[in-house]
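Student: First, the structure itself, so that you have it in front of you.
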Amino acid sequence: MIDWIHAGPALTAAFLASLVECVEAATIVLAVGTVRGWRSALVGMAAGLALLIALVVVLGPALGIVPLTVLQLVIGVLLLLFGLSWLRKAVLRAARVMPLHDEHRAFAATTTALGTIAPAASDGWDTVAVATTFKAMVLEGIEVVFIVLSVGAAHHMIIPASLGAAAAGVAVALAALVLRRPLARVPENTLKFSVGVLLASFGAFWIGEGLGFHWPGADLSILGLAGGFLILSSVTVVALRTEALRARTVKEI
């Protein structure tokens, strides 16, 4: 039985993390559909989505045979590393050390590249469009699958985590249908910052549980871990911005 009362964190983490990846995949699908035609673009997208669903269906139950403490420890380490990787990029972008990801620029680059390839025959499938959207769905979706399995497996929350990821996909698909343009208004770096904090917090929490540590306040301690990661990351952003400003001042002098 699913404990829906405690399913909120898993569902939310999967939704937010999947939202970022779905926006990036949707940008490519929109570009391919606009330049090469929608039939082949949607076929490639559907094929990639089917593969990702199959991975969750196959791998999800298989994780149930692994002892819970081992599962928590392994997934905790992977999730912590994954979250810290997202958090590192988000911090560097927030501090303006790295440029922000630009969906308009990605859309323009994709359409330009696809426009240089010879079009498909009018009565046949466009293999370029199918392959491009399939690859985009799989590459972006593998991270979603990893997040769903990691967030959901440790406390048997695969279904809530899958629902969170599916909700993100539906939300982005509906927005893409309405806008028919890159979803550039989505604050991607803010999402990555938030998701990085959340995933790192889950990872640290499950590492502790896998090692037998009893967290004060049980699941509520995740909020304390998230607060710690958020404060540390925010301080790092301020420090990097200050250092960059000091370097520019010294250079100008």
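The values are calculated or read from the model by the stated rules, or taken from the named source; none is laboratory data. The shown structure was predicted, so the numbers you read here are calculated from the model rather than taken from an experiment. Every residue, glycine as well, gets a Cβ built from its backbone with ideal geometry; the counts of neighbours run over all protein chains shown.
Student: Is it true that Leu73 is at pLDDT 80 or above, under 23 Å from His214 (Cα atoms), crowded, with 16+ Cβ neighbours inside 10 Å and more than 19 Å from the chain's Cα centre (by Cα)?
Tutor: On the way: at pLDDT 80 or above: yes; under 23 Å from His214 (Cα atoms): yes; crowded, with 16+ Cβ neighbours inside 10 Å: yes; more than 19 Å from the chain's Cα centre (by Cα): yes.
Against the criterion (at pLDDT 80 or above, under 23 Å from His214 (Cα atoms), crowded, with 16+ Cβ neighbours inside 10 Å and more than 19 Å from the chain's Cα centre (by Cα)), Leu73 qualifies.
Student: Report yes if some residue within segment 190-197 is modelled with pLDDT under 85 and more than 15 Å from Leu80 (Cα to Cα); otherwise report no.
Tutor: yes
Student: Scan segment 198-241 residue by residue and report those that are more than 19 Å from Leu87 (Cβ to Cβ) and either assigned to a loop (DSSP other than H, G, I, E, B) or of a type in the set (Val, Ile, Thr) (or both).
Tutor: If the condition is that a residue be more than 19 Å from Leu87 (Cβ to Cβ) and either assigned to a loop (DSSP other than H, G, I, E, B) or of a type in the set (Val, Ile, Thr) (or both), then Leu211, Gly212, Phe213, His214, Trp215, Pro216, Gly217 are the ones that fit.
Student: State all residues of segment 147-182 that are among the hydroxyl-bearing types (Ser, Thr, Tyr) and at pLDDT below 75; if no residue qualifies, say none.
Tutor: Quick first cut of segment 147-182, residues among the hydroxyl-bearing types (Ser, Thr, Tyr) only: 150, 162.
Result: Ser150, single match.
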